[in-house]
Amino acid sequence: MRLSSIAAATLLLTIACQPMNTPPQPTPMQQPSVPPHSWSNPEEARVEHLTLDLSVDFPAKQLVGAATLRIAMAPGARKLVLDARDLTIERVFGASGDLQYRMGTAQSTFGAPFEISLPAGTKNVTIQYRTSPGAAALQWLEPAQTAGKRWPFLLSQSQSILARTWVPIQDTPTVRFTYDATIRVPKDLVAIMSAENPTERNATGVYRFRMLQAIPSYLLAIAVGDIAFRPLDARSGVYAEPSVVESAAREFVDIPRMMTAAEQLYGPYRWGRYDVLVLPPSFPFGGMENPRLTFLTPTLIAGDRSLVSVVAHELAHSWSGNLVTNATWNDFWLNEGFTTYLERRISEQLYGRDHAEMLWTLGGKELRDEFDLLPPADEGLKVDLAGRDPDEGSTQVPYEKGSLFLRLIEEKVGREKLDAFLRRYFDEFAFKTMTTDKFIELLRTRLLVPNNISEADLQIDAWVNKPGLPSNVPMPRSQAFALVEAQSAAFGRGTAASSLATSNWSTQQWLHFLHSLPKPLTTAQMADLDRQFRFTQTGNSEILEVWLEHAIDYGYEPAYGALEDFLVRQGRRKYLKPLYTKMAATPAGLERAKRIYAKARAGYHSVSTQTIDGILKWGN
Ligand code: BES
Ligand code: ZN
């Protein structure tokens, strides 16, 4: 039995024996009605359009104003049910005056069902409300947490079910709506959204937005701050704080070529402009595919464009995810696995086959590492997240196992046929949702049957429902990595770092080198590597993170200062999680982790504190 299944079995026992200690589980009556994470009732009354009118109050850390919803009602519909979490509702009214409403019992992650009575014929419902200072989607940054140090900053992160903490909405990927917004900000600041954006400041502090394509709630996004803009070409550009925008524009200069490559493969870009916003370093993700305006972490700015596959990834979501959307969070791999596959195809087009093979290999390594930690039930592409925070499904499985499944299909039917299939898929299901079962059906009828490929050959069931990797998993091969492996092996045999052949290595080669070093390393070996390659001082966040993991594992104290600095100055969860986890593995490390966390926590977004609180058992 593997460790993870022992852990899962223990957990089940614990739940069975101690019902008093488990978090409240929704009873069947209380189960969110749009399975499994929303209380809303779109079959009865469905939101078609959202109009926001919000003032951004930095001192109070609140959005205050109104959301007007245009509703499509089924015959006989009596009520509209929205999702709401930590919202203060002040008044609800329609054309005929005030409407009756009721806020149900809140369940932490899911919030509450917010029921509004609808007189027959209601078209529009206006909700006057304010958000709470602790709204989980929003992060209110002090000036000290920005690059400019002068102005505060507000950012949002709505995926997966955090939109309900800043907008009363049907917070499920099955409901799509258009929106417009009026956002009132302090007059020195600029607001931007996942919509048509201004590229100029205005003196009034009132910004207006329109989103003409229907989107699901998880793609609602807003940022407010001292934000400047640099165009890249006629339809793309970079937003960032003024002191960051030049280096950001240099780093992401390949965006126009990425767009062209993606369009050649998957059809026209359907969202008009594609801009990116580089956020302050507390942004909890590498990137977030907010339509027309990808949000990015500044840790991607390495100075040599070596981390831009994240941008290719977020751009690719303009097809997989934003056009064809996972129907539920159980089908999340349809968003992320497809996008990871597309990301690698775009990267191959721009930077060559061997570069893409490096990305595939690094991704595969992260997946195999994660399998050691996951319960087997979460290792299939299709997962069951009913009653759980959908964030628990956000592992390497939907990304890397998902993309490997598409690569396997490519290997079986040939690239040309898969490309034609995908192109048709994005056209046919644009602005619609997709389930795993429906995709498998399409795969069967459109690719497997016509090409005489049996399901057993593909091992569909093993990919979709079983733990681990099936025996037919594709094996990426990079020549550049073969060179690296020779050098890490030589180092393992005692060759000094100064005698290794490492000239002109790419970031990805350095990452592979660090992954493939012999284990364990002595502190003398760590010191030798550090003296020669200056890892502790690297400005490349990806390399630094892996190096710092080694430093924790092998007790390499000269890097501890850099470790603390890294954990305090940025809040990207992908970096925080392994570092805090490794520190927590020893009593002395745990103590150090807690001391650093006490200092850093206030600077992190709720998405990150939620994860790290769990790792350090913070507040228990
Ligand atoms: N959509 C995701 C981010 C996300 C996933 C937010 C689930 C909330 C819940 C985004 O496209 C993403 O995958 N970002 C990755 C980068 C990517 C290159 C793997 C990240 O931030 O690490
Ligand atoms: Zn993604």
So the angle from the long Cα axis of helix 479-492 to the longest Cα principal axis of the chain, reported in degrees to the nearest 10, equals 60 degrees
Subtracting the Cα-Cα distance of A214 and E416 from 0.36 nm times their residue separation yields 69.6 nm
Over the range 227-313, with neighbouring protein chains present, the accessible area per residue in Å² at probe 1.4 Å is 29 Å²
Everything considered on the Cα gyration tensor (a ≥ b ≥ c; rounded for a/c under 1.5, else prolate if a/b is larger than b/c, else oblate), the range 13-212 must be described as oblate
With only helices counted (DSSP H, runs n ≥ 4, each -39500 (n - 2.57)), the per-residue ellipticity at 222 nm for the chain, to the nearest 500, works out to -11000 deg cm²/dmol
Relative contact order of the chain (C-alpha contacts under 8 Å, at least 6 apart) in percent is 11 percent
Among trypsin sites (Lys or Arg not before Pro) in the range 408-489, those in a DSSP loop whose Cβ has at most 15 other Cβ atoms within 10 Å are R477
Measuring from the longest principal axis of the C-alpha atoms of the chain, the long axis of helix 587-600 (C-alpha) lies at a number of degrees, nearest 10, equal to 50 degrees
Length-normalised contact order of the range 484-616, Cα under 8 Å, at least 6 apart, in percent, tallies to 18 percent
Once normalised by the length of the range 72-202, the mean sequence separation of its alpha carbon contacts under 8 Å that are 6 or more apart gives a contact order in percent of 24 percent
Rounded to a whole %, the carbon-and-sulfur portion of the accessible area of the chain at a 1.4 Å probe is 53 percent
Long-range share for the range 503-565, i.e. C-alpha pairs more than 15 Å apart as a percent of all pairs, stands at 44 percent
If each part is reduced to its alpha-carbon centroid, the range 290-324 and the range 251-265 end up apart, in Å, by 11 Å
For the chain, longest principal axis from Cα atoms; helix 606-616 axis from its Cα atoms; angle between them, nearest 10 degrees, is 50 degrees
At R0 = 30 Å the Cβ-Cβ FRET efficiency linking R595 and T105, nearest 0.05, sits at 0.20
Per its Cα gyration tensor (rounded if a/c is under 1.5, else prolate when a/b beats b/c, else oblate), the range 319-477 is best filed as rounded
Percent antiparallel among DSSP beta bridges confined to the chain, nearest 5, equals 75 percent
Per residue, accessible area of the range 319-477 with a 1.4 Å probe, heavy atoms of protein chains only, in Å², comes to 37 Å²
Of all DSSP beta bridges with both partners in the range 192-324, the antiparallel percent, nearest 5, is 50 percent
Regression test value, accessible area per residue of the range 13-212, probe 1.4 Å, units Å², expected 45 Å²
In the range 111-210, the trypsin sites (Lys or Arg not before Pro) that sit in a DSSP loop and have at most 16 other Cβ atoms within 10 Å of their own Cβ are K123, K149, R150, K187, R201
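The values are calculated or read from the model by the stated rules, or taken from the named source; none is laboratory data. All values reported here derive from a predicted model rather than from experimental measurement. Using ideal geometry, Cβ is built from the backbone for each residue, glycine included, and neighbour counts are taken over all protein chains shown. SASA here: full protein model, heavy atoms, side chains in, ligands and nucleic acids out. Shrake-Rupley method; radii C 1.70, N 1.55, O 1.52, S 1.80 Å.
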